[in-house]
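Asks: To start, I am sharing the structure in question, which I have written as structure tokens.
Read-outs: derived from the displayed coordinates by stated rules, not from any lab. On a predicted model such as this, the values are computed, not experimentally measured, just so you know. Here the Cβ is made from the backbone with ideal geometry for all residues, glycine too, and neighbour counts use every protein chain on show.
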Amino acid sequence: RVLLVDDDRLVRMVLAALLRRMDAICVTASDGAEAVDKCASGEFDLVIMDLRMPVMDGLEATRRIREMDADVPIVGLTANTMPEDTARFMRSGANEVIYKPISADNVEKLLSRY
């Protein structure tokens, strides 16, 4: 089960379709607060978390999910390739950070790692 968190509806639709084609069960959330709620009520094998979102950003959501589940892999997803953004995501508890746009090949590699 993969939780995909992104405020961009198109990104959610495309990535969710890719994940499902690769036989992943994909649940989506449109902001960090919704992601935290979904993690509190269900178990996930992987969380893919956007950085910049309304209501609650990916950094705060990652910290809160880590408090509930220290073991779930959380992969940051961002269009910001600045080293400081990557470092902040990692400090918040992400296992790794990947960059938009993400290819089908990269999604497949990501699933194989987790």
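Asks: Let me check against my output: what whole-number percent is the relative contact order of the range 7-114, with C-alpha pairs under 8 Å and at least 6 apart?
Replies: Averaging sequence separation for qualifying contacts and normalising by length gives 23 percent for the range 7-114.
Asks: Between Asp8 and Arg52, what is the spin-label point distance in nm, taking each point 7 Å from the Cα along the Cα→C-beta axis?
Replies: 1.0
Asks: Okay, next question. Describe numerically, in nm with one decimal, the distance between label points set 7 Å from Cα along Cα→Cβ at Ser112 and at Met82.
Replies: The two pseudo-label positions are separated by 3.4 nm.
Asks: Given H placed on each backbone N at 1.01 Å, which residues far from Met53 in sequence or on other chains put an amide H within less than 5 Å of it?
Replies: Those lying under 5 Å, H to H, from Met53 are Gly58.
Asks: Continuing with the same structure: Looking at the range 2-106, what % of its DSSP beta bridges pair antiparallel, to the nearest 5? It would help to have the intermediate numbers written out before the result.
Replies: Working: 0 of 16 bridges.
Expressed as a percentage, antiparallel bridges in the range 2-106 total about 0.
Asks: In square nanometres, what is one fourth of the surface area of the convex hull spanned by the alpha carbons of the range 1-70?
Replies: Averaged projected hull area, Cα only: 4.1 nm².
Asks: Calculate the dipole size of the chain relative to its Cα centre from +1 charges on Lys and Arg beta carbons and -1 charges on Asp and Glu beta carbons; express the result in debye to the nearest 20.
Replies: On the way: 15 positive and 20 negative charges, 36 e Å.
The dipole magnitude comes to about 180 debye.
Asks: Arranged by the count of other C-beta atoms within 10 angstrom, fewest first, what order do Cys26, Cys39 take? Don't skip to the end; give the middle numbers.
Replies: Numbers: Cys26 18, Cys39 23.
Lowest to highest Cβ neighbour count: Cys26, Cys39.
Asks: What is the sum of charges, Lys and Arg at +1 and Asp and Glu at -1, for the other residues whose Cβ falls under 13 Å from the Cβ of Pro73? Provide the component values of the computation, followed by the final result.
Replies: Working: positive: Arg1, Arg66, Arg113; negative: Glu43, Asp45, Asp69, Asp71, Glu96.
So the surrounding residues net to -2.
Asks: While we're on this one: Given an 8 Å cut-off on Cα distances and at least 6 residues of separation, report the relative contact order of the range 19-81 as a percent.
Replies: Numbers: 67 pairs, mean separation 21.8, N = 63.
Reported relative contact order: 35 percent.
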